[in-house]
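The values are calculated or read from the model by the stated rules, or taken from the named source; none is laboratory data. Predicted model, so just to flag it, every value in this text is computed and none were measured. A quick note on method: Cβ atoms are made from the backbone with ideal geometry, for glycine too, and the neighbour counts reach across all protein chains shown.
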Amino acid sequence: MFTGIVCEVGTVEEVERTEGGARLRVRADLASELGEGHSVAVSGACLTVASSTDGAFEADVMNQTLSATNLGELEAGRAVNLEPPLRAGEPLGGHLVQGHVDETGEVTAVTEDGFARRLRISVAPRLLRYVVERGSVTVDGVSLTVVELDERGFEISLIPETVSRTTLGEATPGSRVNVEVDLIARYAERLMQGFVDD
């Protein structure tokens, strides 16, 4: 379980692709805290550490994850948002995030709004049912608040800290981003189905 509070932006050193999937090597200070079998969120996707040596960690990414997220686009030199899992007793700074990306969205507009930067992101209609204004959403592993919503997507507003400390500061129209909707919304819908069906 994660909170969507990025602790570091790492750099992809190598992507080794095979028919079976891919292995990522990411250089980051966080690698010193990770061991084999540990979980780490890479741009919002929960991966399992295969090895961690010399200031970098490696993780295997199966084909399903490569196709369902933007990790399939990664190349050496690309930056990725990183977050270790939440530990018992630590503050929940963002919101509950599983690291299970629902699907990708596309940045369609980037506008400046005072000291903030607004991103408009288009997603499939089936996903929008779980998104509400002033609710939480995770974009590339970053916990954010939805500021506007329409039938094509939603808009988020980034404070300068988020712009400078995450990869979202580099997002431009056309960028593909990982989106995970609020976990509570999905469970609420599932629970309500029992009342509606009866």
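Every residue, every condition in (1) loosely packed, with under 13 Cβ neighbours inside 10 Å; (2) among the β-branched types (V, I, T); (3) in contact with a strand residue (DSSP E or B) (Cβ under 7 Å, 6 or more places away or on another chain), yes or no:
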position: S122; (1), (2), (3): no, no, yes
position: L127; (1), (2), (3): no, no, yes
position: R134; (1), (2), (3): yes, no, yes
position: L144; (1), (2), (3): no, no, yes
position: E155; (1), (2), (3): no, no, yes
position: I159; (1), (2), (3): yes, yes, yes
position: R176; (1), (2), (3): no, no, yes
### Task
State which residue is farthest from the chain's Cα centre (by Cα) when the search covers only region 114-134 and only residues that are among the small types (G, A, S) and in a loop (DSSP other than H, G, I, E, B).
G114
### Query
Looking at T48, T53, T3, T18, which is the one that is outside the structural domain of G135 (by TED's automatic domain parsing), polar (S, T, N, Q) and surrounded by 14 or more Cβ atoms within 10 Å (Cβ to Cβ)?
T3
## Note on the structure
Note on region 26-42: residues assigned to a strand (DSSP E or B) and surrounded by 20 or more Cβ atoms within 10 Å (Cβ to Cβ) are V26, V40, A41, V42
#### Entry: region 96-113, subset not charged (D, E, K, R) and not in a strand (DSSP E or B), residue surrounded by the most Cβ atoms within 10 Å (Cβ to Cβ)
V101
### Query
Which of the following residues is exposed (fewer than 15 other Cβ atoms within 10 Å of the Cβ) and aliphatic (A, V, I, L, M): A116, A171, A188?
A188
#### Entry: Residue tally, condition within 15 Å of G44 (Cβ to Cβ) and at pLDDT below 95, over region 118-130
1
